[in-house]
Every structure is written in structure tokens, then in C-alpha cells.
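The structure under discussion appears below in the form of C-alpha cells.
Values quoted throughout were computed directly from the atomic coordinates according to the rules given, and no laboratory measurement underlies them. Since the model is a prediction, treat every value here as computed from it, not as a measurement. Please note: Cβ atoms are built from the backbone with ideal geometry, for glycine as well, and neighbour counts cover all protein chains shown.
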Amino acid sequence: MAVAQQKTLAMNGDEAVALAVKQSDVDVVAAYPITPQTIIVERLSEYVANGEVETEFVCTESEHSALTACLAASATGARTFTASASAGLALMHEILYVTSGCRAPVVMAIANRALSAPINIHCDHSDSMVERDSCWIQIYAENSQETYDSMIQSFRIAEHLQVLLPVMVCLDAFVLSHTLENVQILADETVRKFVGVRQFPLVMGHEGKEVPFKLDPNNPITMGPLDLHDYYFEHKRQQEEAMKIAPRIIKEIHEEFSRISGRKYGNGLIEAYRLEDADIATVCVGSTAGTTKTVVDHLRTKGTKAGLLRLRTFRPLPLTEIMGALENVKALAIMDRSNSFGGSGGPIYHEIRHSMYDAPTHPHIVNYIYGLGGRDMPPTTILNIYKDLQEILQTKKVKRDVQFAGVRQ
């Protein structure tokens, strides 16, 4: 398949999200504004007001209501989208679980922002990391181009009949959401054809016949009913099974998209950067990976065997791929832009360390909490992390399991 014709537009990450949603033939957008995602829904409302799309735009009184509206619309068969950040995502917390439990393939963009208090509108990952157990697929973008591409892929992933789980695409507040970049844009028709029309599995309805899994007065079914100890456990297990299937589907859709766009992000789950012979390496998500790649390239010119593992999907956590990519690494730094207070480290550290327990080789692992509240992560700070790894490599000892990078002590 030939790469599709594209054009270059200068846009920030929020605008890239809005354009991808516009092109994906979304039926319902329900939203409540919160910095730094407001530009996303502003642009979408403009598309609707200008008659550029046939999307129903619903202004709700809160983020809780916005996701509830998307859930209800999705249950009737609509393709739905919303966006949020920080306290807005926290307010949605209850409905995140309801959405995944109803197997509603809602897609949401998260402009990752710190949680209060003190009040802060800048980037860290504390908002989405809190929701890692809500059974939403989580994709973290490195730049605005990947944000655009990931949004388009997410509708296919969420609506896949073997998945049927909601998806959040995460982009770093201001670093991506408000920063101008060149983004390669596919034609509207190309995106529409790739995303396709939403399909529905067949289930047994109340009248004893097979019907599409959506709310329809002509074919009555029930979604999200009272579900006590007699069946609740089985339904939760079904969600876990869908998460186990999701990595294969994510990789397949990522590969299919690469054939029309010419762009790949690792295998769709992880991106291994110069890891083949790396002795020391870091793991991170989001925009910091771009800066880290520059540091890795610099260290390579000095003869240091440095590498990077970027997690594109944090849920489902690609355990097999992580262990395979890190099998030769001897000293490893996990970089978390959030903290599990009282839990001895950040969430990515906990999970990577857990995944390495069954690995045939066990690198020395150290955790670096960084960038909380939007604190900059310049190359010099990342370089210091690699210097610490070199010392660990030589001494074969980790002095402190959890450290804080770039903070005043």
C-alpha cells in the first residue's frame, strides 16, 4: 500500500487532536473546558458551528457530566469523544469505571496536568496515572505528530470487536498542548476510510434473539444493570481478557496506519531507542523521550552505550516487549513524572520493576521522580541521570532506590 498524500500544517497538540477528531467522523462530542485542554473543544465547537462536521456538540455543566453524556451516546451506537485534564479527569473518576464496565468505546484526550494543591496548570502525569486501574487503554504521545496519529488509531482500537474498551490519548500540558509544531495531515477521506464505520457484536437480547450490542427500543437489552456477587466477578474478568487481547490489536492497527502515513512509533506499544547493545538505559513516557533521545545520541558519540525505552502504551502494560527490549541492560533508570506518595517510588517504576522480576537477567534499577508541576527537564538533568547509571554500572550498587531529579533539596 502506497503512503497517502499529506500536507504539512503548523499547529499545537490541542489543535492536532481536534483535527483528528473532526476527520474521524465522530457523532457526539460532550465536554467541559479546563486548561490546558480547552483549545481542543473550542476548535471542535468551531467545526460544528461552521458546518464542517455533522457532530452533535454538547456543553455540559461538569466533566463528570461530559463523560456521562459520552457514555450514554456511545451506548446507543454513537462514536463519541471528550477531553479533559487534572481536576476535570479526577471529577470523571466514577464514570471512567462505569464507561469501561459498560464496554463503551469512548475516546478521550488528556492534556496531562498536575493535580492541586497548590494550584498548578502545568504538566505532570499524576492525573492519568491515578486512572491506570480504571480499565482504559492509555497511550502517551511524544510529540504533536504522534498525538494526531494516535487519536485516529484510537477510534479503531476502542471499537474493535475484540477490545470494546475506552481509550485515552495523553499529551503533555503546554509542552505539547500549546506548542507549535509541523504536523503531517492526511486527507479527510483517507482518515474516514481508515477509521471506518462503527461495528457491533451480537448479543442475546431480552426477546431471546441475537441483536447488536447497543441500546435500541426495537431490540431491548440492558447495559450496566445491578450486578451483585453472582456475576460481577465474571464481568470484571472479561474486561481483563479484553486488555490481554488489546496489545495485538494495537500493534495491528498501528502497523496498518503506518502503511498509509509512513510513520511508525516502535511497534505501537514500545519504542526501543538504541537499546540493542546498551549497558545503561532509561524508561519514560511522553515528551521527555524526545530530549532523552538527544542525550543518548550525545553519549553515543562519547563511546557510552546508552539507550532509551519509551512506553507508548502504559495500559495495557506490554510486559513481554519490555523484558525483551531491556534484556541486555545492566543499569536502568525509570523516570516518573508523578509520584505514588508513601509507596516508595512512582507508578512506572513499580510496574517496570515488577515486570523485570521474571526476566532472565536483572539490571540494577533506580527511580527518578522528575518534572512535577511542569518543572523543566533539560538535557543536563537527564545527562546527570545517565552519569549516575554509569556509577551504578561500575559499583554494581544503587545508593538510593528513589531519587528526585531537578528539585531543590
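Sorted from fewest to most neighbouring beta carbons within 10 Å, what does the list V402, V163 look like?
By the 10 Å Cβ count, ascending: V402, V163.
Over segment 270-405, the fraction of Cα-Cα pairs per 10 Å bin, rounded to whole percents and listed from the shortest bin up, is 13, 49, 35, 3. Restricting segment 223-299 to GluC sites (Glu not before Pro) that sit in a DSSP loop and have at most 13 other Cβ atoms within 10 Å of their own Cβ leaves E276.
I'd like the FRET efficiency for R192 and D358, computed as 1/(1 + (r/R0)^6) with the beta carbon distance as r and R0 of 41 Å, rounded to 0.05. If you can, show how the numbers build up before the last one.
Details: r = 43 Å, r/R0 = 1.05.
Using R0 = 41 Å, I get an efficiency of 0.40.
The loop-placed chymotrypsin sites (Phe, Trp or Tyr not before Pro) in segment 218-301, going by DSSP, that have at most 13 neighbouring Cβ atoms within 10 Å of their Cβ come out as Y231. Summary of packing: across the peptides 384-391, 61-68, the per-residue average of other C-beta atoms within 10 Å ranks them, highest first, as 61-68, 384-391.
Helices in the chain, meaning DSSP H runs of at least 4 residues, each add -39500 (n - 2.57). Divided by all residues, the mean residue ellipticity at 222 nm is -12000 deg cm²/dmol.
Helix 288-301 axis versus longest C-alpha principal axis of the chain: approximately 30°, rounded to the nearest ten.
Taking the C-alpha atoms only, the angle from helix 63-75 to the longest principal axis of the chain is near 60 degrees.
Can you tell me the convex hull volume per residue for segment 219-298, based on C-alpha atoms, in Å³ to the nearest whole number? Numbers along the way, then the final one.
Working: hull volume 16.0 nm³, N = 80.
Each residue corresponds to 200 Å³ of Cα convex hull volume.
Rg and Dmax of the chain, based on Cα coordinates, read 21.3, 71 Å. Bridgeable lysines around K244 (alpha carbons under 17 Å apart, same-chain partners fewer than 8 residues away excluded): K236. Straight-line cross-link reach from K22 at under 27 Å between alpha-carbon atoms covers these lysines, not counting any fewer than eight positions away in the same chain: K7, K193, K214, K251, K264.
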